[in-house]
Amino acid sequence: MISSKDAGRAAGCVANTFQQVTSSPMQVSVALNKGNATTGVIRSAGRFSATCLAQDVPMELIGTFGFHCSDDLDKFAACEHAFDAAGLPYVAEHACAHYSARVVQEVDLGTHVLFVGEVEEAEKLASCEPMTYAYYHQVKGGKTPPKASSFLPDAADAPLPADAPAEAAAEPGRPKVAWRCTVCGHMVYEDELPDDFACPVCGVGKDMFERVEL
């Protein structure tokens, strides 16, 4: 989870890759879409914070930061958060570690910007397993937002989560179904969805869900 704050606003978004690039000085990098509000705030502030999420992070939190715009929503109102020494907010729940970095280089990548930052703060927040990009897709059943650096328009849908309830196919003679959000990949294990249903992760309506037989 990447975040920043300038004089006028705080912003944050989900990034699929955050990595160390040098050890002396300690530098990290992250690539963000130019259209993200967070990108503009980082450029203005000249610094960013990063939270390494745990495997148990709820999809609702990922949905808040990954499928909504900071210009339209106060994302930090939906979660526990803290502030680094420079006053930047960062997600402080379901988190393994936190880093704060000062931008020392910006590389134009066409649709994206690569920010390279020198780490000024680093803190272990909890003893937990970090959520990898593979875990997000294969276990949590998540989808890739269109602005992500790894987004492929023609990619196959993510497989069903490994924790899909076994009882869904237990009743003989009656096919059980689930509903998958075509925007964020959130699964709902119900026979039918009400007409006024909204995805708890990204907020789209029933018409954006597809039927999946289990």
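Within the set of pairs 6+ apart or on separate chains, which have a first residue in the stretch 1-17 that is more than 27 Å from Tyr136 (Cα to Cα), a second that is open to solvent by less than 40 Å² (accessible area, probe 1.4 Å) and at pLDDT 95 or above, and C-beta atoms under 6 Å apart?
Hits for this filter: Asp6/Val41; Asp6/Ala45.
Under the condition of being among the β-branched types (Val, Ile, Thr) and in a strand (DSSP E or B), which residue from the stretch 108-117 is surrounded by the fewest Cβ atoms within 10 Å (Cβ to Cβ)? Walk me through it before giving the result.
So the first thing to find is which residues in the stretch 108-117 are among the β-branched types (Val, Ile, Thr), and the list is 111, 113, 116.
Restricting the remaining residues to those that are in a strand (DSSP E or B) gives 113, 116.
Numbers: Val113: 19, Val116: 16.
Among residues in the stretch 108-117 that are among the β-branched types (Val, Ile, Thr) and in a strand (DSSP E or B), the one surrounded by the fewest Cβ atoms within 10 Å (Cβ to Cβ) is Val116.
Evaluate the stretch 68-91: report whether one residue or more is touching a Gly at 6+ places or on another chain (Cβ under 8 Å) and under 20 Å from Gly185 (Cβ atoms).
yes
Being within 15 Å of the chain's Cα centre (by Cα) and of a type in the set (Asp, Glu), is that true of even one residue in the stretch 86-97? Don't jump to the end; show me each part of the working.
Step one: list which residues in the stretch 86-97 are within 15 Å of the chain's Cα centre (by Cα), which gives 90-96.
Filter again for of a type in the set (Asp, Glu), leaving 93.
Among the residues of the stretch 86-97, at least one is within 15 Å of the chain's Cα centre (by Cα) and of a type in the set (Asp, Glu), which makes the answer yes.
Looking only at residues that are of a type in the set (A, V, I, L, M) and farther than 22 Å from Gly8 by Cβ in the stretch 34-72, which one is nearest to the chain's Cα centre (by Cα)? Don't jump to the end; show me each part of the working.
Of all residues in the stretch 34-72, those of a type in the set (A, V, I, L, M) come to 37, 41-42, 45, 50, 53-54, 57, 59, 61-62.
Checking which are farther than 22 Å from Gly8 by Cβ leaves us with 53-54, 57, 59, 61-62.
On the way: Leu53: 9, Ala54: 12, Val57: 10, Met59: 9, Leu61: 8, Ile62: 4 Å.
Here the answer is Ile62.
Might you check whether a residue that is open to solvent by 60 Å² or more (accessible area, probe 1.4 Å), under 23 Å from Gln20 (Cα atoms) and more than 16 Å from the chain's Cα centre (by Cα) occurs anywhere in the stretch 73-82?
Kept after step one, since they are open to solvent by 60 Å² or more (accessible area, probe 1.4 Å), are these residues of the stretch 73-82: 73-74, 77-78, 80-81.
Checking the rest, the ones that are also under 23 Å from Gln20 (Cα atoms) come to none.
Among the residues of the stretch 73-82, not one is open to solvent by 60 Å² or more (accessible area, probe 1.4 Å), under 23 Å from Gln20 (Cα atoms) and more than 16 Å from the chain's Cα centre (by Cα), which makes the answer no.
Return yes when Val30 is surrounded by 22 or more Cβ atoms within 10 Å (Cβ to Cβ) and within 19 Å of the chain's Cα centre (by Cα) and no when it is not. First the steps, then the outcome.
Values: surrounded by 22 or more Cβ atoms within 10 Å (Cβ to Cβ): yes; within 19 Å of the chain's Cα centre (by Cα): yes.
Yes, satisfied.
Return yes when Ser100 is assigned to a strand (DSSP E or B), touching a residue at least 24 places away in the same chain (Cβ under 8 Å) and in contact with a Phe, Trp or Tyr (Cβ under 7 Å, 6 or more places away or on another chain) and no when it is not.
Values: assigned to a strand (DSSP E or B): yes; touching a residue at least 24 places away in the same chain (Cβ under 8 Å): yes; in contact with a Phe, Trp or Tyr (Cβ under 7 Å, 6 or more places away or on another chain): no.
No, not satisfied.
Of (1) crowded, with 17+ Cβ neighbours inside 10 Å; (2) touching a strand residue (DSSP E or B) at 6+ places or on another chain (Cβ under 8 Å); (3) modelled with pLDDT under 95, Thr17 satisfies all except one. Which?
Going through the list (1) crowded, with 17+ Cβ neighbours inside 10 Å; (2) touching a strand residue (DSSP E or B) at 6+ places or on another chain (Cβ under 8 Å); (3) modelled with pLDDT under 95, Thr17 breaks only (1).
Matching residues to (1) exposed (fewer than 14 other Cβ atoms within 10 Å of the Cβ); (2) at pLDDT below 75; (3) within 30 Å of Gln20 (Cα to Cα); (4) in contact with a Lys or Arg (Cβ under 8 Å, 6 or more places away or on another chain):
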residue: Val119; (1), (2), (3), (4): no, no, yes, no
residue: Ser150; (1), (2), (3), (4): yes, yes, yes, no
residue: Ala155; (1), (2), (3), (4): yes, yes, yes, no
residue: Ala166; (1), (2), (3), (4): yes, yes, no, no
residue: Trp179; (1), (2), (3), (4): no, no, no, yes
residue: Gly205; (1), (2), (3), (4): yes, no, no, no
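So, in the stretch 36-67, how many residues would count as being closer than 22 Å to Glu123 by Cα, touching a residue at least 60 places away in the same chain (Cβ under 8 Å) and surrounded by fewer than 19 Cβ atoms within 10 Å (Cβ to Cβ)?
Residues meeting the conditions: 4.
Would a scan of the stretch 83-93 turn up a residue that is in a loop (DSSP other than H, G, I, E, B), in contact with a strand residue (DSSP E or B) (Cβ under 8 Å, 6 or more places away or on another chain) and open to solvent by less than 10 Å² (accessible area, probe 1.4 Å)?
For the stretch 83-93, residues in a loop (DSSP other than H, G, I, E, B), in contact with a strand residue (DSSP E or B) (Cβ under 8 Å, 6 or more places away or on another chain) and open to solvent by less than 10 Å² (accessible area, probe 1.4 Å): present.
Against the condition surrounded by 15 or more Cβ atoms within 10 Å (Cβ to Cβ) and either over 21 Å from Lys5 (Cβ atoms) or at pLDDT 95 or above (or both), how does Ala101 come out, does it pass?
Details: surrounded by 15 or more Cβ atoms within 10 Å (Cβ to Cβ): yes; either over 21 Å from Lys5 (Cβ atoms) or at pLDDT 95 or above (or both): yes.
Judged against the criteria, Ala101 is a match.
Can you say whether Asp191 is at pLDDT 65 or above, open to solvent by less than 90 Å² (accessible area, probe 1.4 Å), part of a loop (DSSP other than H, G, I, E, B) and among the charged types (D, E, K, R), as far as the supplied structure shows? Walk me through it before giving the result.
Values: at pLDDT 65 or above: yes; open to solvent by less than 90 Å² (accessible area, probe 1.4 Å): yes; part of a loop (DSSP other than H, G, I, E, B): yes; among the charged types (D, E, K, R): yes.
For Asp191, the condition - at pLDDT 65 or above, open to solvent by less than 90 Å² (accessible area, probe 1.4 Å), part of a loop (DSSP other than H, G, I, E, B) and among the charged types (D, E, K, R) - is met.
The values are calculated or read from the model by the stated rules, or taken from the named source; none is laboratory data. As the structure is a prediction and not an experimental result, all values here were calculated from the model. Using ideal geometry, Cβ is built from the backbone for each residue, glycine included, and neighbour counts are taken over all protein chains shown. Ligands, DNA and RNA are stripped out before the accessible areas are found, and what is left, the full protein with its side chains, is counted by its heavy atoms. Shrake-Rupley method; radii C 1.70, N 1.55, O 1.52, S 1.80 Å.
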